[in-house]
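FYI, it's all coordinate maths here, none of it is from the lab. Quick caveat, the model's predicted, so the values are computed rather than measured. Backbone-built Cβ (ideal geometry, glycine too); neighbour counts: all protein chains shown.
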Amino acid sequence: MRIAFDRRITLLACAVSAPGIVTSLALLWATDYSTTIRGSVGAAVVALSLGLALLVRSRIVRPLQTVSNVLAALREDDFSMRARETTADDALGHLTSEVNTLADTLRSQRLGAQEATALLRAVMAEMDVGIFAFDAHQQLVLVNRYGERLLAQPAADLLNRRADTLGLQEALQSTSALADLRFPGGAGRFEVRRTKFWQGGVPHELLVLSDLSQPLRAQEHDAWKRLIRVLGHELNNSLAPIKSIAGSLEALLGRTPPPDDWRDDMQRGLAVIASRADALSRFTAAYARLARLPPPARKAVDLKALMCRVAALESRLPVALDDSAAITLHADPDQLEQLLINLVRNAVDAALETSGSVRAGWRRASDMLELWIEDEGPGLQNTANLFVPFFTTKAGGSGIGLALSRQIAEAHGGSLVVENRADRQGVRAMLRLPLI
């Protein structure tokens, strides 16, 4: 039979004092004492031994019971209890001190966790995205305020329900980052993001839905305004002189008799009208080219051979190529060549203004290609409108070169940055394209 710890301590104290009791009684009976004295001394010895046992029990068992109670309270998330600390520098005193320190640490950590959770819930409640968390059985375990509005139900009615009953199964199974979704609280184009997380050793899935309808409509509205402004500007530039000259020619034909040089005036006026009509035709053709860029038809492209060919096309100024390593990338050779021609042409145009030079090179950066084209021209004065279609500072420029170049780079999964050089005067165009 297993004996409790406190009883074992009591029995141990009794066992420790037993030899003393036996010895004392033996000495009493061995000498010539009266029965009364022997009985009194024996009783005193027994009482002393029992008192010693009780003292040992109170000094060991009761502090351990207190420590046990404090640990039980900590297990129940009750951090208010503390063990009474002693000034004794012994193992039991150290144990009591460590238990109290543990209680203070757990209380501080619990308070910090509660504050962090409260902040997270407040942030989630104010976010204009729907946040849903599902357990391994696709049952909803968490939803924020925006998610409640999307599903048009309070959280109490949504929790513990399966995704298919909530109309979220399509979003959970969507393979696209953008999806057209419809919910009781609204419909539109949503950005769908999913991620896995673990809680209590069980896998969960987090679903985040961002309604992009309003931002997309706002961007579309701004794009239309910019387009109308550009189109209106270009049309007015061509139609205003055409209208003026046509009115002058009409007035010229109405004069009786006509002046002697009326034929020359008619020819000059019609030539101006034809010139402006041709400029307007080139403008609309350039816009159609920008708007109808086809998806890239990827092939293996030898970059070094392509750059040599592009550099050879520029006859106004030699383009120096760095001794870069040969790289093969998968890209649309025609579109990439057009992009590089545009960048080289812009660099040469700038360098000719200052009698500077143009240099190009490339390198492999992890899984990306970095290609740069540098000039020693006057630099950029206005960087805000670099990629705005039809914005140009060059006489006779179409204003679509850089816009088309960036569109080609992004269609290949890359990027194009054009900025002033930090080391000297001029511009540096940096093209980054994925190699895989």
The FRET efficiency for residue 345 and residue 125, from their Cβ-Cβ distance with R0 = 45 Å and rounded to 0.05, is 0.25
Sort 420-433, 71-84, 140-153 for me by packing, meaning the mean count of neighbouring Cβ atoms within 10 Å per residue, highest on top.
140-153, 420-433, 71-84
Set the Förster distance to 60 Å, then compute FRET efficiency between residue 62 and residue 191 from the Cβ-Cβ distance, nearest 0.05.
0.40
What's the extension gain from residue 179 to residue 381 if we count 0.36 nm per residue and subtract their Cα-Cα distance?
68.6 nm
Over its alpha-carbon atoms, the range 127-211 yields an Rg and a Dmax in Å of 11.8, 36
How far apart, in nanometres, would the label points at residue 165 and residue 302 be if each is projected 7 angstrom from Cα along the Cα-to-Cβ direction?
6.6
Multiplying the sequence separation of residue 213 and residue 95 by 0.36 nm and subtracting their Cα-Cα distance, what value in nm do you get?
36.3 nm
Once the Cβ-Cβ distance between residue 149 and residue 225 is put in as r, and R0 is 41 Å, what FRET efficiency do you end up with, to the nearest 0.05?
0.85
